[in-house]
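Engineer: I have a structure here, written as structure tokens, and I will follow up with some questions on it.
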Amino acid sequence: MYVPFYTPYLTGKELELVTDALTRTEIGGDGFYTKKVKSLFEAKYHIKHLIPMTSCTHALEMAMLLINLQPGDEVIMPSFTFPSTANAVVLRGGKPVFAEIEPDTLTIDPADLERKITAQTKAILPVHYGGIGAKMDRIMEIAVRNRLYVVEDAAQGVNASYRERYLGTWGDLGCFSFHSTKNFTAGEGGALVINPIHPDLVERAEIIAQKGTNRRQFLEGQVDKYSWVDHGSSYTPSDLLMALLYAQLTESETITAKRRAIHEYYQFHLQKYEDDGLFRMIRVPEDCRPNYHLFYLLFEDQTTRDRIKDSLKDEGVEAVIHYVPLHSSPMGLRLGYYEADLPVTEKISRILLRLPFSTGLTAAELEYVVTKIKKVLEKKECHKQLYR
Ligand SMILES: *Cc1c(COP(=O)(O)O)cnc(C)c1O
């Protein structure tokens, strides 16, 4: 048997809805399924202003345009994230300022973030790693006190909440991903969530997404000419992609339940090894309701992590590492950071191993993975006191 780290999951409704989308005339942006996606987010998540986008990367770029990020402005974010989080800032001439993560949740450390605020700071960009919410109540309090914007990178956080509030709806702006590796997918896609305290940003976001034109107002008959009115780009997804996404979103509870079962299976069968000190598993804090985006183990050191990863590979189980910290990446070093700047982030990135996690994992595959993990762990050389 070979169990890949990840395979996309289809609910079975996709083909029918995409075919239906093809029979409608509006296969570009803002069509039938785009509207369905928007209404679903409003009904289920109480998100009034959601702009479907071509990716979360584009939603992050849009967010930086909407807050008018200027050259030299600083945005504080974790280094333990995907390059898109920082690129959105760099593309506008801004400076990403990297803060530490907390070792229990791997989300931004509010105390370190607060230390990094300067007169140039314009925004905070927390990342909800693995669908576990960053400490949004503290982050919002720090932001309000320092008059900073909060833009959530909720790429992995759709259908998850922190203190009973959905991820992506805490800050001024929130960014979702529907990439093929995420829980709910359009193949490629994303969305920008605009907090209702900023109704003025909705029209501007629609203009930016529509190549800097007032096409939407024109289509709705509000203006009689369609022209260039602001900065813009092409950020609107095709209705075919939104049909695919809609099929997935209508099954979001089934998808989440399946993922939760995988999480619980791993947790139950690996608990003994955590108790023996061989590794530490992902933890779900009491105030987080996750969407079970991923499952990781933290080992004592990189050598152990790499040995387990390679042994699992030999057994047909694809377990993978995650982010290479941005501050010590080639681009981070060019921006003037040093590896030693963020020791927790460096350490976590070297000891973290993600286990296979696909919504469609079968019972036989799960059992196979756990059997192989046990086999690999029970090899004598792993029996030292490991990470707690
Ligand atoms: C997936 C991901 C992105 C990028 O999402 P795309 O939709 O592929 O652009 C950005 N940030 C984080 C934390 C992600 O996990």
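Engineer: Skip the ligands, DNA and RNA, and give the accessible area per residue of the chain with a 1.4 Å probe, whole Å².
Structural biologist: Details: 16640 Å² over 388 residues.
On a per-residue basis, the chain sits at 43 Å².
Engineer: Moving on. Show me the trypsin sites (Lys or Arg not before Pro) within segment 99-177 that DSSP assigns to loop and that have at most 12 other Cβ atoms within 10 Å of their Cβ.
Structural biologist: Loop-located and lightly packed - 147.
Engineer: Under 10 Å, Cα contacts only: if you run a Gaussian network model on the chain, which one of 324, 158, 89 comes out with the highest mean-square fluctuation?
Structural biologist: For the chain, modelled as a Gaussian network with Cα springs under 10 Å, the answer is 324.
Engineer: Another question about this same structure. Along the Cα-to-Cβ line of residue 48, 7 Å from the Cα, sits a label point; which residues in segment 209-229 have backbone N less than 20 Å from it?
Structural biologist: Once the point is set 7 Å along Cα→Cβ of residue 48, 217 turn out to lie under 20 Å by backbone N, inside segment 209-229.
Engineer: Looking at the chain, send over the antiparallel percent of its DSSP beta bridges, to the nearest 5.
Structural biologist: Among the beta bridges of the chain, antiparallel pairing accounts for roughly 60 percent.
Engineer: Between residue 222 and residue 335, how high is the FRET efficiency from 1/(1 + (r/R0)^6) when r is the Cβ-Cβ distance and R₀ = 45 Å? Nearest 0.05. List each step's numbers first, then the result.
Structural biologist: Numbers: r = 43 Å, r/R0 = 0.96.
That pair, residue 222 with residue 335, gives E of 0.55.
Engineer: Distance check, please: which entries in 95/135; 35/258; 95/258; 95/211 exceed 32 angstrom between their Cα atoms?
Structural biologist: Checking Cα-Cα distances, 95/258 exceed 32 Å.
Engineer: What lysines sit close enough to residue 309 to cross-link, taking a C-alpha to C-alpha distance under 24 Å and skipping anything fewer than 8 places away on the same chain?
Structural biologist: In chain and number order, the partners are 182, 272, 347, 372, 374, 375, 379, 380, 384.
Engineer: With each pseudo-label sitting 7 Å past Cα toward Cβ, what's the residue 164-residue 261 distance in nm, one decimal?
Structural biologist: Between residue 164 and residue 261, the label points sit 3.0 nm apart.
Engineer: Next question, about the same structure. Classify the chain as rounded, prolate or oblate, taking a ≥ b ≥ c as the square roots of the eigenvalues of its Cα gyration tensor: rounded when a/c is under 1.5, otherwise prolate if a/b is larger than b/c and oblate if not.
Structural biologist: Details: a/c = 2.21, a/b = 1.36, b/c = 1.63.
The shape class here is oblate.
Engineer: Now for a different question. Would you please name the trypsin sites (Lys or Arg not before Pro) within segment 270-299 that are DSSP coil residues with at most 15 other C-beta atoms within 10 Å of their C-beta?
Structural biologist: 283
Engineer: Consider a paramagnetic label point 7 Å from the Cα of residue 379 along Cα→Cβ; state which residues of segment 308-334 have an amide N under 13 Å from it.
Structural biologist: Within reach of a label on residue 379: 308-317.
Engineer: Looking at segment 42-175 only, what percent of DSSP beta bridges run antiparallel? Nearest 5 please. Each step should come with its number before you reach the end.
Structural biologist: Working: 3 of 17 bridges.
Within segment 42-175, antiparallel bridges account for around 20 percent of the total.
Engineer: Next question, about the same structure. Given the Cα-Cα distance of residue 371 and residue 306 and 0.36 nm per residue of separation, how much length would full extension add, in nm?
Structural biologist: 21.5 nm
Engineer: Still on this structure, please answer the following. Any aspartates and glutamates with Cα under 18 Å of the residue 44 Cα? List them, leaving off those in the same chain fewer than 8 positions away.
Structural biologist: Reachable aspartates and glutamates: 164, 251, 253.
Engineer: Residue 26: net charge of surrounding residues, Cβ under 10 Å, Lys/Arg +1, Asp/Glu -1, itself excluded?
Structural biologist: Net of charged neighbours comes to 0.
Engineer: Measure off, as a whole percent, the carbon and sulfur share of the 1.4 Å-probe accessible area of segment 65-187, all protein chains present.
Structural biologist: 50
Engineer: Among residues other than residue 356 whose Cβ falls under 13 Å from its Cβ, what is the net charge (Lys/Arg +1, Asp/Glu -1)?
Structural biologist: On the way: positive: 259, 309, 313, 354, 372; negative: 315, 318, 365, 367.
Once positives and negatives cancel, what remains is +1.
Engineer: With the crude spin-label approximation of a point 7 Å out along Cα→Cβ, what separation in nm comes out for residue 111 versus residue 25?
Structural biologist: 6.3
Engineer: What percent does the relative contact order of the chain come to when contacts are Cα pairs within less than 8 Å and at least six residues apart?
Structural biologist: 21
The values are calculated or read from the model by the stated rules, or taken from the named source; none is laboratory data. Since we're looking at a predicted model, the values are computed, not measured. A quick note on method: Cβ atoms are made from the backbone with ideal geometry, for glycine too, and the neighbour counts reach across all protein chains shown. Only protein heavy atoms, including side chains, enter the accessible area calculation; ligands, DNA and RNA are left aside. Shrake-Rupley method; radii C 1.70, N 1.55, O 1.52, S 1.80 Å.
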